[in-house]
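Step one of this worksheet: look at the structure below.
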Amino acid sequence: MDLTALTADEVRELLRNKKASAEEVCREHLNRIRQKNPEVRAYLTLSEERALKQARKVDRLVAEGKPLPILAGVPVAVKDAIVTRGVRTTCASKILENYIPPYDSTAVARLEAAGAVILGKTNCDEFAMGSSTENSAYFPTRNPRNPDRVPGGSSGGSAAAVAANLATVALGSDTGGSIRQPAAFCGIAGMMGTYGRVSRYGLVAFASSLDHIGPFGRSVRDVARALKVIAGCDPADSTTADIPVPDYEATLEEDVRGVTVGVPQEYFNGLSPEIGDNIQKGIDRLAKLGCKIACISLPHTEYAIACYYIICTAEASSNLARYDGVRYGLRAAGHDGLREMYKKTRDAGFGAEVKRRIMLGTYVLSSGYYEAYYRKAQQVRSLIARDFLEAFDEVDVIVTPTSPIPPFKLGEKVDDPLQMYLADIYTVTASLAGIPGISVPCGLTRTEPHLPVGMQMLARHFDEARLLQVARAFEKSGGFELM
Ligand code: GLN
């Protein structure tokens, strides 16, 4: 049996029936990582010792006949933007090259408490800024479905790890699409909960009003299970909501007949026809399941990219001020005075995209431009959020393409940041509105080389259970057509 191809549920069942040990499952994954990672380059750092220690702990529970926690023995990969105690956390930046956090993020602590085995840290765009994982200061990750293509980003390493069976489940972060878009590009499921559903404690801050932690999986059930574990109020993150977390798996298999699904017309302009065809087929599948399909409008969609890139850069310019060579990571040598040291450290430690965002963000916040850009963007953000609120008066779920284009070639867009930004058009809107979203596989492009297409599903604030239920029905209706 291939222990690396299982779902979280299957791993736990195997352990329970003593058909395999958690240590075996862990070692199988580490072996596969040794074989495949040199090509895929999903991982930046492995936490082998920590993983084996945790696996043995789970095996002791089995030996003692104790009840097994929900993620017992499940191998997990964690985006390197999420801190792990004693395990290097670089955020794919040179400025944090040797940073070893003294604490665990809440999401990681909750996963381990539920029996998960943390295998290591995955590659991403530097400080989660990007859509292809090519902005990593270390190396690009390749799409396991086609090595010439990007895995998406910024959580490309986590998506690639799950797609290549180098982990069962992974954590990513999503500020403007960084879980949903790489999930789409790699042909797996990836979810961002409502803003405030999952604690951000220990997530290296990029744009605090938009940042989320969320799970990737090869099945909707795995995503539901991982989300349940990491969700919920956390005193260490004041933006988490004190709203009980439902048992997502309990309602997962419920019928979706009568659920109203909105299709926003604005999300089908300028779309690659290959994507459009697949999404249309996906919508037909939902109709066959008994969902009521309705045409809707989200009129402020066209302003979303400008709005998102003003707000996220403004917040980033403030959040990244802490990397000054004094408190964290890198400090440049050979300086003459404090200012010189700051300058040299930041010049050597940040990559081109991060510098571009800090400059953009500083500009839109500066006096004289604040009203024209930052304040205006906040007003537009409210309008975009209102579009969704009004749409959800009529429909339960909204479906859209996750990305307007299929996974592109490595190197294809690195020299054109604007093209890269524009490709985020369908994911940034939900981020601005704070609503939950999931991307699920929706077939492959018709022409060679047959690349994965993702369908995005969105729901009302805190209606993750509904979202997962529709995603699960969709998965059952056609399978996830993986290669
Ligand atoms: N691609 C978007 C950006 O570059 C989103 C990134 C993210 O969600 N972390 O900002």
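The values are calculated or read from the model by the stated rules, or taken from the named source; none is laboratory data. Please read these numbers as outputs of a predicted model, since none were measured by experiment. Every residue, glycine as well, gets a Cβ built from its backbone with ideal geometry; the counts of neighbours run over all protein chains shown.
Hey, among GLY368, GLY329, which residue is at positive phi and in contact with a Leu (Cβ under 8 Å, 6 or more places away or on another chain)?
GLY329
Can you find a residue in the stretch 54-69 that is farther than 28 Å from CYS186 by Cβ and small (Gly, Ala, Ser)?
yes
If the Cβ limit is 8 Å and pairs must be 6+ apart or interchain, which residue in the stretch 347-368 that is within 20 Å of ALA128 (Cβ to Cβ) pairs with which residue that is outside any helix (DSSP H, G or I) and hydrophobic (A, V, I, L, M, F, W, C)?
GLY349/LEU330; GLY349/ALA332; GLY351/ALA137; GLU353/MET129; VAL354/MET129; ARG357/MET129; ILE358/PHE350
Among the residues of the stretch 28-62 satisfying the criterion of being assigned to a strand (DSSP E or B) and of a type in the set (A, V, I, L, M, F, W, C), which is surrounded by the most Cβ atoms within 10 Å (Cβ to Cβ)? Give the derivation first.
The initial filter retains those residues of the stretch 28-62 that are assigned to a strand (DSSP E or B), namely 43-46.
From the residues that got through so far, the ones that are of a type in the set (A, V, I, L, M, F, W, C) too are 44, 46.
Details: LEU44: 23, LEU46: 18.
Ranking the candidates gives LEU44 first.
Considering each of ALA391, ALA385, ALA377 in turn, give the residue that is more than 26 Å from GLY153 (Cα to Cα), aliphatic (A, V, I, L, M) and part of a helix (DSSP H, G or I). If you could, list the steps in order and put the result at the bottom.
On the way: ALA385 fails: more than 26 Å from GLY153 (Cα to Cα); ALA377 fails: more than 26 Å from GLY153 (Cα to Cα).
The match here is ALA391.
Does CYS291 count as within 16 Å of the ligand (Cβ to nearest atom), farther than 30 Å from ARG12 by Cα, in contact (Cβ under 8 Å) with a residue 60 or more places away in the chain and crowded, with 17+ Cβ neighbours inside 10 Å?
No; evaluated as a whole, the condition is false for this residue.
Return the residues of the stretch 1-32 that are within 15 Å of VAL169 (Cβ to Cβ) and aliphatic (A, V, I, L, M); say none if nothing qualifies.
LEU3, ALA5, LEU6, ALA8, VAL11, ALA22, VAL25
Please determine, by comparing only the residues of the stretch 419-441 that are within 12 Å of the ligand (Cβ to nearest atom) and of a type in the set (A, V, I, L, M, F, W, C), which one is farthest from LEU383 (Cα to Cα).
Among residues in the stretch 419-441 that are within 12 Å of the ligand (Cβ to nearest atom) and of a type in the set (A, V, I, L, M, F, W, C), the one farthest from LEU383 (Cα to Cα) is MET420.
For the stretch 231-273, give me each residue that is touching a strand residue (DSSP E or B) at 6+ places or on another chain (Cβ under 7 Å) and more than 19 Å from ALA430 (Cβ to Cβ).
Scanning the stretch 231-273 gives VAL245, GLY258.
Only residues that are within 16 Å of the ligand (Cβ to nearest atom) and surrounded by fewer than 20 Cβ atoms within 10 Å (Cβ to Cβ): list them for the stretch 369-404, please.
Residue satisfying the conditions is PRO404 alone.
Kindly provide the set of residues from the stretch 326-349 that are at pLDDT 90 or above, small (Gly, Ala, Ser) and closer than 18 Å to THR89 by Cβ, ordered by number.
If the condition is that a residue be at pLDDT 90 or above, small (Gly, Ala, Ser) and closer than 18 Å to THR89 by Cβ, then GLY349 is the only one that fits.
Answer yes or no: is there a residue in the stretch 321-338 that is touching a Phe, Trp or Tyr at 6+ places or on another chain (Cβ under 9 Å) and within 26 Å of SER431 (Cα to Cα).
Scanning the stretch 321-338, I find at least one residue that is touching a Phe, Trp or Tyr at 6+ places or on another chain (Cβ under 9 Å) and within 26 Å of SER431 (Cα to Cα), so the answer is yes.
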